[in-house]
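**Q** Here it is: the structure, laid out below.
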Amino acid sequence: MSKIRNAFKNGKAFIPFFTCGDPDLETTAECVREAVANGADLIELGIPFSDPTAEGPVIQGANIRALKGGVNTNRIFDLVRELRKDIDVPMVFMTYANVVYSYGAERFISVCQEIGIDGLVLPDIPYEEKEEFLPLCRKYGVDLISFIAPTSENRIAMIAKEAEGFIYIVSSLGVTGTRSEITTDLDKIVKVVRENTDVPCAIGFGISTPEQAAKMAATADGVIIGSAIIKIIEKYGHDAPKHIAGYVSEIKCAITDK
């Protein structure tokens, strides 16, 4: 069993997303450390991919910058090994099936166990196709994170019953990116989830402000923020870690006690 539940044991969890290697792996490491020091409960690390279908332009840009900088899967594994020397919070990888396939699925997932990765988020693998990875994830104790989207509808209960680690609830249709307003009836989705499992759920896609985060935290067990984090890194580059620290602290304060 992974450590993912630990992220939710002390109230609402904040889960920031970082694209590994944007602008370089050293900056990624420092941003992660600052995030954890300022209240992040679980870290989602993106392994760059040349065709990230679930991502909007902000995270697509981060993928391109990281790949141009020479980042590859082995270097990201080494990054996690280094982070695990002083970072104890759960960490999950977010990437695409082709990245795992090209590395070798069993080899990839076994290394995840070795370096201390607790879960795997694969947005291009629908629930019906998860058996391609689930046996290997269970063999090596890595949770395969399930997605529930606004279009899941009558599949929500089925997905929830088999979920592991945490459930990633997609707030809006479309790709990642900040949104001025989230109109999905998330209360209804979370209600069905909670009727079918005690696995915690976190809402992602479109959240950027403390006000949005607080609203989502009042509904779910945690909040995931990616594009707003990437925008800070894109703006400040190597000076981003101190700005990440302030942003994470602001979001964490906003969701506390919700």
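Computed from the coordinates by the stated procedures, all read-outs in this text should not be read as laboratory data. As the structure is a prediction and not an experimental result, all values here were calculated from the model. Cβ placement follows ideal geometry from the backbone for every residue including glycine, while neighbour counts extend to all protein chains displayed.
**Q** With a ≥ b ≥ c the root eigenvalues of the C-alpha gyration tensor of the chain, is it rounded (a/c under 1.5), prolate (a/b larger than b/c) or oblate?
**A** Details: a/c = 1.41, a/b = 1.09, b/c = 1.29.
Here the chain falls in the rounded category.
**Q** Hey, another quick one. Would you please give the residues with an amide H less than 5 Å from that of GLU164, counting only those at least 5 places away or on a separate chain, with H modeled from the backbone geometry?
**A** SER146
**Q** Let me ask something else about it. Order by neighbour count: LYS12, LYS85, LYS191, LYS231, fewest other Cβ atoms within 10 Å first, most last. Each step should come with its number before you reach the end.
**A** Details: LYS12 23, LYS85 6, LYS191 13, LYS231 19.
Neighbour counts put them in this order, fewest first: LYS85, LYS191, LYS231, LYS12.
**Q** Where nothing but the Cβ of Lys and Arg (+1) and of Asp and Glu (-1) is charged, how large is the charge dipole of the chain around its Cα centre, in debye to the nearest 20? Display every interim value, and only then the final one.
**A** On the way: 27 positive and 36 negative charges, 61 e Å.
In debye, rounded to 20, the chain gives about 300.
**Q** Label point 7 Å out from LYS188 along Cα-to-Cβ: which residues of region 196-219 have amide N under 17 Å?
**A** 219
**Q** At GLN113 and GLU153, where each label point lies 7 Å from the Cα along Cα→Cβ, what is the point-to-point distance in nanometres?
**A** According to this spin-label approximation, the distance is 3.9 nm.
**Q** Could you compute the FRET efficiency for ALA97 and ASN196, with r as their C-beta to C-beta distance and R0 at 22 Å, rounded to 0.05?
**A** FRET efficiency, ALA97 to ASN196: 0.25.
**Q** What order do you get for SER2, SER50, SER110, SER227 when you list them from fewest to most C-beta neighbours inside 10 Å? List each step's numbers first, then the result.
**A** On the way: SER2 20, SER50 11, SER110 15, SER227 25.
Ascending Cβ contact count within 10 Å gives the list SER50, SER110, SER2, SER227.
**Q** If you don't mind, another one. Taking H placed 1.01 Å from N in the peptide plane, check which residues at least 5 places from ILE43 or on another chain put their amide H under 5 Å from its amide H.
**A** Here the answer is MET91, VAL92, since their amide H atoms fall under 5 Å of that of ILE43.
**Q** Return the tail of the calculated pair distribution for region 210-258, meaning the percent of Cα-Cα pairs more than 17 Å apart. Could you put the intermediate results ahead of the total?
**A** Values: 408 of 1176 pairs.
Of all Cα-Cα pairs in region 210-258, 35 percent lie more than 17 Å apart.
**Q** Can I ask one more? List the lysines whose Cα sits under 17 Å from the Cα of LYS12, skipping any in the same chain fewer than 8 residues away.
**A** Within the straight-line limit of under 17 Å, LYS12 reaches these lysines: LYS3, LYS191, LYS215, LYS252, LYS258.
**Q** Can I ask one more? How do CYS137, CYS20 rank when sorted from fewest to most other Cβ atoms within 10 Å of their own Cβ?
**A** Numbers: CYS137 23, CYS20 27.
Arranged by neighbour count, lowest to highest, CYS137, CYS20 become CYS137, CYS20.
**Q** Shifting gears a bit: Select from PHE205, ASN38, ILE148 the residue farthest towards the positive end of the dipole of the chain; place +1 on Cβ of Lys and Arg, -1 on Cβ of Asp and Glu, and compute about the Cα centre.
**A** ASN38
**Q** Amide H of THR19: which non-local residues (sequence gap of 5 or more, or other chain) have their own amide H closer than 5 Å, using H built in the peptide plane?
**A** Residues meeting the criterion, in which the H sits 1.01 Å from N, are GLY46.
**Q** Hey, another quick one. For a label point 7 Å from the Cα of ASP51 along Cα→C-beta, name the residues of region 125-139 whose backbone N is under 11 Å from it.
**A** none
**Q** Hey, another quick one. So if each residue of separation counts as 0.36 nm, and I subtract the Cα-Cα distance between TYR127 and ASP257, what length gain in nm does that give?
**A** Using 0.36 nm per residue and subtracting the Cα-Cα distance, I get 43.6 nm.
**Q** Would you work out if region 41-150 is rounded, prolate or oblate? Take a ≥ b ≥ c from the square roots of the eigenvalues of the alpha-carbon gyration tensor; rounded if a/c is under 1.5, else prolate when a/b is larger than b/c, oblate otherwise. Don't jump to the answer; show the numbers that get you there.
**A** Details: a/c = 1.41, a/b = 1.02, b/c = 1.38.
In terms of gyration-tensor shape, rounded.
**Q** Okay, moving on. Along the charge dipole of the chain, pointing to its positive end and built from +1/-1 on Cβ of Lys, Arg, Asp and Glu, which listed residue (ILE59, LEU134, ILE233) has its Cα farthest out?
**A** Farthest along the dipole direction, towards plus: ILE233.
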